[in-house]
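Here is the structure we will look at.
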Amino acid sequence: MGLNIDEIKSHISELSFVKKIYFIEQGDFSINAKVEIAFEGLDGSLNFEIEIQPQYPLKSYDSESITFKNKDLIPYNHVMGSGSICVHTLHSTDLKQKLKIDFNSLKNWIVKYLINKDKDLNYEHIIVSESPIKETYSAYIFTDVERKFKKGEFGDVCYQKTNML
């Protein structure tokens with residue numbers, strides 16, 4: 001069946017803080033869009049590139065199937081090196097409801113990190129560039145541990161060098 005671009009555009013345009021939809025188009029694999037966000041308390045407006053995966057509104061494994069990007073925001077908390085805003089949202093299988101949830105999560109991120117300038121004491125994930133160091137790629141792998149950490153502790157690190165072909 002697939003996602004309906006006109007339906008997505010209609011639902012996004014109903015959100016009061018989406019001031020302009022520059023475009024929504026079907027790409028080779030995903031739906032791509034660009035929108036302008038503005039609301040009271042935000043100085044000016046922000047533009048976001050959006051990528052919506054075919055399985056939306058469902059998740060892809062444990063990842064959201066919608067991505068909001070703005071490379072100008074990389075210096076702020078919870079923005080990946082690609083400019084992707086790290087938002088975690090509630091689940092819904094209803095397209096209209098899920099778009100509303102996801103865009104409101106983006107708005108909440110803007111309020112928390114841009115307007116209120118909140119700083120987190122620690123991060124859930126370390127942002128590591130995907131470029132090699134001395135022709136070798138490295139990866140950080142996370143796991144759950146049984147012990148509880150005290151305030152000010154950030155975890156344990158075990159380093160092991162392996163040769164991967």
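Readers should treat all values here as calculations from the given coordinates under stated rules, not as data from a laboratory. This structure is a prediction, so every number in the text was calculated from the model and none was measured. Using ideal geometry, Cβ is built from the backbone for each residue, glycine included, and neighbour counts are taken over all protein chains shown.
Things to note:
- Hits among lysines - C-alpha to C-alpha of Lys151 under 24 Å, sequence gap 8 or more where chains match: Lys112, Lys117, Lys119
- For Lys20, Lys150, Lys34, order by how many other beta-carbon atoms lie within 10 Å, fewest first: Lys150, Lys20, Lys34
- Estimated distance in nm for a label pair at Asp62 and Asp43, the labels positioned 7 Å out from Cα along Cα-to-Cβ: 3.7
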